[in-house]
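The values are calculated or read from the model by the stated rules, or taken from the named source; none is laboratory data. All values derive from a computational prediction rather than experimental measurement. Cβ atoms come from the backbone with ideal geometry, glycine included; neighbour counts cover every protein chain shown. Each accessible area value is taken on the protein alone, full model and side chains, heavy atoms only, with ligands, DNA and RNA left out. Shrake-Rupley method; radii C 1.70, N 1.55, O 1.52, S 1.80 Å.
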Amino acid sequence: MIEKRIMYIEVYEDLKKIIKDEILKENEKLMTEEELCKNYKVSRITIRRALKELEEEGLIFKIRGKGTFVSPKIIEQNRTELSGFYDEIKKIGKNPSSKIISFNKIICDEYLSKKMNKSKNEKIYEIIWIRYIDDDPVIYEKIYLPEKRFLGLEKFISENINLYDILRKKFFFKPTKGKENFLSCPLNKEERRILNGKNNSLGMKIEKILLEKDVVIEYTLSIVRGDRFRYKIEYNL
């Protein structure tokens, strides 16, 4: 029993190091269980236990009938400061991009009126886009901004923009307060289609509200792929 425990740990640690050191790249296929057994000279039970640990850590994933693959890296975001998607993704050496589904000027309805503390029929900019990391869709996002605060925003909207750069430089946007609500949720059929999710894929619904001097300036609703992001919150006590 002790011998099997040691062999399982050794296999697990070795495979984990190979993945962490990027000897096996993202989405690259691992050897079959039979090949791993021969390579490590251990039983299939030992290999399966090691693979199960790696899968539970999100380092590998299985596709029925095709094999086991290295998972894309999980992106860790620090939610204690305001930073844009582009900045965060570029920090880890990956390529961020966006595809705008729609950019419209809409009338504030009852839902947005409550969320943004605006009067009904006030004009609101609505941006709906998909965020990508290395061409992999990871976030489906709807952003709402009051027209009167960002009058003329349509002149600056294009694909692959850094939205906060534009809001800061062109409109002197200086949020003084913000809050976010996180809710784990299954991706619905449309969200799975947009984000290349699998059946029963879990996502994270994030509601963000930013204020300038107690006035709501931005309301954003994001659906984030749960297999690609981990959020970190730090406290100064």
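Structure data summary
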item: Output for segment 32-52, where each listed residue is out of contact with any Ser or Thr (no Cβ under 9 Å at 6 or more places or on another chain) and surrounded by fewer than 18 Cβ atoms within 10 Å (Cβ to Cβ); result: GLU34, GLU35, LYS38, ASN39, LYS41, SER43, ARG44, ILE45, ARG48, LYS52
item: Wholly within segment 30-119, strands (runs of 3 or more DSSP E) carrying at least 1 residues that are over 30 Å from LYS155 (Cα atoms); result: 60-63, 67-70, 75-78
item: Among the candidates ASN121, ASN160, ASN181, ASN104, residue that is of a type in the set (S, T, N, Q) and under 19 Å from LYS205 (Cβ atoms); result: ASN181
item: Criterion violated by LYS29 - all others in (1) open to solvent by 60 Å² or more (accessible area, probe 1.4 Å); (2) over 25 Å from LEU195 (Cα atoms) satisfied; result: (2)
item: Subset of segment 137-190 (residues that are touching an Asp or Glu at 6+ places or on another chain (Cβ under 7 Å) and of a type in the set (Asp, Glu)); result: GLU180
item: Within segment 186-213, tally of residues that are closer than 22 Å to MET116 by Cβ and either exposed (fewer than 14 other Cβ atoms within 10 Å of the Cβ) or of a type in the set (Phe, Trp, Tyr) (or both); result: 1
item: Set GLU218, GLU159: member being among the charged types (D, E, K, R) and surrounded by fewer than 14 Cβ atoms within 10 Å (Cβ to Cβ); result: GLU159
item: All positions within segment 183-237 that are in contact with a Leu (Cβ under 8 Å, 6 or more places away or on another chain), without any contact (Cβ under 8 Å) to a residue 40 or more places away in the chain and not in a strand (DSSP E or B); result: LEU187, GLY197, SER201
